[in-house]
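Peer 1: My questions will all concern the structure given below.
The values are calculated or read from the model by the stated rules, or taken from the named source; none is laboratory data. What you are looking at is a predicted structure, and each value in this text was computed from that prediction instead of being measured. Methodologically, a virtual Cβ is constructed for each residue, glycine included, from the backbone with ideal geometry; neighbour enumeration extends over all protein chains shown. Side chains are part of the model used for accessible areas, which takes the heavy atoms of the whole protein and leaves out ligands, DNA and RNA. Shrake-Rupley method; radii C 1.70, N 1.55, O 1.52, S 1.80 Å.
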Amino acid sequence: MVMQTKKKFAIVTGASTGIGRAIAIEFAKEGAFVALVGRTQDKLLETKGMIAKIGGEAEVFIGDFANLDSLRALIQSIKQKTDRVDVLVNVAGIWHGKDEVYAGKNFEAFPQSIILDTYAVGITAPTLLAHALIPLMSKGGTIVNISGTFESGAKGWLPYYVSKRAIEDLTIGLAEELKDKGIRVNAISPSDTATEAYKKYFPQYINDAIDPQEIAKYAAYLSSEESQGIAGKVFVLKKNKKPLESFHS
């Protein structure tokens, strides 16, 4: 059944933990109905419970972005739920597995499956989500993509690096294409972020990592009327520093 509501309809991928969860909660605080997208149902339900505790509304949508059929099914589920999308936030990415971080590895040592999954989740899925959902967006709609900073370059985690640089290019290109429709597209490139996974794999750097809530607040800002006129930008966020525009080329 198609939902009828005056609330903003915001879709947040990777909403089961970390940055995605923080963004989903922030949009719920702002009064949006949030579609929580990810592949881990129990974690998504935890996010939904957190949103319910603050009086917000959300629904869980399961999809494995590394599987094209699953992604297509997810898109259909969203379209069955709503005929209007106001905000799309692409957060999901692959930089670690269950018990391994994909860093400090020579490129030729990566399994082919990890490379393909990283590209599928990091750039193919956001591209196809935008392609499918832009027709449901009207003037004032926004897309926010989450990238990542790479101050030491790509060495050691090349697949993730490539997927995130690609989403920055997608941001710039889509912003130009959608300008006449009044749909704004921007990206946030956060520095090391104090997520659960980051704490697990890089505890030695946690004191210098930015709080996911700061990223969430900026994502909400880029989707607000207050940020009208901002499009096609990539903003670098670091702990205790003002957002800095990245001149990615």
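So that you can scan it fast, the table gives a plain yes or no per residue for (1) touching a Ser or Thr at 6+ places or on another chain (Cβ under 9 Å); (2) at pLDDT 95 or above; (3) closer than 19 Å to A219 by Cα; (4) not β-branched (V, I, T):
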| residue | (1), (2), (3), (4) |
| --- | --- |
| T5 | yes, no, no, no |
| I62 | yes, yes, no, no |
| S77 | no, yes, no, yes |
| N90 | yes, yes, yes, yes |
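Peer 1: Please return the ranges of strands (runs of 3 or more DSSP E) entirely within the range 1-84 where 2 or more residues are open to solvent by less than 10 Å² (accessible area, probe 1.4 Å).
Peer 2: Answer list for the range 1-84: 9-13, 33-38.
Peer 1: Quick one: is L133 at pLDDT 90 or above, within 13 Å of A10 (Cα to Cα) and part of a helix (DSSP H, G or I)?
Peer 2: Against the criterion (at pLDDT 90 or above, within 13 Å of A10 (Cα to Cα) and part of a helix (DSSP H, G or I)), L133 qualifies.
Peer 1: Looking at the range 173-200, which of its residues are in a helix (DSSP H, G or I), over 16 Å from the mean Cα position of the chain (by Cα) and modelled with pLDDT of 80 or more?
Peer 2: The answer is G173, A175, E176, E177, L178, K179, D180, K181.
Peer 1: Now for a different question. For residues that are outside any helix (DSSP H, G or I) and in contact with a helix residue (DSSP H, G or I) (Cβ under 6 Å, 6 or more places away or on another chain), tally how many sit in the range 152-172.
Peer 2: Here is the first cut: in the range 152-172, the residues outside any helix (DSSP H, G or I) are 152-157.
In the following step, the residues that additionally are in contact with a helix residue (DSSP H, G or I) (Cβ under 6 Å, 6 or more places away or on another chain) were identified as 154.
Looking only at that region, the number is 1.
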